[in-house]
1. I'd like the distance between the alpha-carbon centres of region 24-53 and region 149-171, rounded to an integer number of Å.
2. Provide, for q = 0.10, 0.19, 0.21 Å⁻¹, the log10 of I(q)/I(0) from a solvent-free Debye sum over equal Cα point scatterers in region 27-110.
3. Kindly sort 68, 175 by accessible area of their heavy atoms, largest first, with the probe set to 1.4 Å.
4. Between residue 34 and residue 179, what is the label-to-label distance in nm when each label sits 7 Å out along the Cα-to-Cβ direction?
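The values are calculated or read from the model by the stated rules, or taken from the named source; none is laboratory data. Keep in mind that what you see is a predicted model, and the values were worked out from it rather than measured. Using ideal geometry, Cβ is built from the backbone for each residue, glycine included, and neighbour counts are taken over all protein chains shown. For the accessible areas, the whole protein counts, side chains as well, though only heavy atoms, and no ligand, DNA or RNA atoms are used. Shrake-Rupley method; radii C 1.70, N 1.55, O 1.52, S 1.80 Å.
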Amino acid sequence: ITIIFVLYKSGNILYENLKELKNFKKIIIDNNPSSTIETELKLIDKKIVYKKMNSNLGMSKAAKIALDSVNTNFFLYLTADTIINEKNILNLLTIYKKYPNIGLVAPIHLDKKGDYSGNYFCHPLKRIINRNKFNKNIYKSLSKLLPEGDFSVSTVWGAPILLKTSLIKEIGFFDQNFFMYFEDVDLCDRIIDKGLEIIE
């Protein structure tokens, strides 16, 4: 598994995350042309592949540059401010291999208080067009529940997401027309259009 990060002025947040990820290859694309974190990163892990861009390319283009350097069977797309440990990453891989018709695996998200950040229950564009108070109350109730087990969802937001490198090189990673936001939703739509499952 290779872990890829896209940064923009988020170096300080990243350091805590890297402490948990010592046994993985890491590729970091930094969209901040004035960044000075490379020396610090090399002190943490000399094997980190770090590339600083000449301008802010946006999330999708920078992620594509990172993917071009991945040579492992799987990769984990991770944001600097999302903490995950090695055990949980290996668990995602186990789950990916458990199901035959899978396109993406993501863990549930917990905030700093340990509360579930329930953003998987509904496609975000469908959430926008809730038509009545009853639907909104149902969604509000569902989003407070902590799910158990593995389940299929229509979309995941953000990171971490575990992906098979060959599949993503075939169908494409984040659409580069998305500078930031909704690139993950678009990827999920394409995975589902291919007849594959998204597992949380």
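1. Using only Cα atoms, the two centres lie 25 Å from each other.
2. Result of the Debye calculation: -0.32, -1.04, -1.19.
3. 68, 175
4. 1.8 nm
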